[in-house]
Amino acid sequence: MYEKVLVPTDFSKYAQKVIECIGDVPGLKEIVLLHVVDATHPSKRGWTRGPKVEDAKIDLADIKERLENLGFKVTPRLEVITEADVSRTIQRVADEENVSLIVMGALGKGRVSGILLGSASTGVVRFSNKDTLIMRYKMLEGLEGATYEKFCPMIFSKVLCTTDFSEASQSSISMIKGLKDVVGEVILEYVVSKGETQEEIEGYVAEAKEKLGEIKEDLASAGLKVRTHVDVGNPREQITSLATTEDVSLIVISSQGKGWIKQMMVGSTTFDVVRTAERPVLIVRSKKGT
């Protein structure tokens, strides 16, 4: 399904972990490996991007060789920017290369303690029109610096797929159905976030259970193992909580929901989940209104 993938890298330890996980993307055949040299702000000594460019060429070549040894076709790209920003460059290259998925780590070299999503990842999440997989790792800070625990082994083994029953969220359901041969188990979740009275809330819950049951039946008929879950409360809190409780390997969420603004490429709930989740998140971009 995702035959051609763009992998931006800043060569940080966190980004290297993304490279280790890339082979778990189903259907992957071709990788566009991108590094962006940000020369938008010259140092006091003037432009010093030359050494950075040469070092980046060497690092890209090393990663290219490793990935080619795994059987992938690899296209390295090195972009030097003197205007715009890294996230816009990533989006431009994704369009130029016509990739079907962007895979990024949540953090990079510029990570500040307490920041859960780096600036480049934030820009891509908010404004890209490509499906986006944000990898997330448990980080253990020790005396010798940060070490990382992979989440990527069998990333599609236990998938939490959220829906609000909008047309946009149907893209996530369709994607899951298309990956029936690699997905182990699916948990379908709907969060009731409105209701003035207990009776009204219970009515929404009953309606959601019925609709989830229909989706479950459709996915089960395709051969998928499916469970459903209806929660009440704040969508972001309920989604991230269930992901942790169920120890899922991946959260799949659509880029927009019922209340999305046409000019925005990602809704507030989706962005909040990506920003705070402790699991990898796959954003499936709506094919409508884009």
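The values are calculated or read from the model by the stated rules, or taken from the named source; none is laboratory data. Note that the coordinates shown come from a computational prediction; the quantities given were computed from them, not determined experimentally. Note that we place each Cβ from the backbone using ideal geometry, even for glycine, and neighbour counts take in every protein chain shown.
Remarks
- Residues of region 164-180 satisfying the condition of being buried (at least 17 other Cβ atoms within 10 Å of the Cβ), more than 16 Å from the chain's Cα centre (by Cα), not hydrophobic (A, V, I, L, M, F, W, C) and not in a helix (DSSP H, G or I): D164, S166
- Checklist (1) outside the structural domain of L242 (by the TED database); (2) at pLDDT 90 or above applied to S174, failing item: (1)
- Region 219-236 - residue that is at pLDDT 95 or above and charged (D, E, K, R) and, of those, farthest from T276 (Cα to Cα): K225
- Residue count for region 183-223, restricted to those that are among the aliphatic types (A, V, I, L, M), touching a helix residue (DSSP H, G or I) at 6+ places or on another chain (Cβ under 9 Å) and either exposed (fewer than 14 other Cβ atoms within 10 Å of the Cβ) or farther than 24 Å from N234 by Cα (or both): 3.
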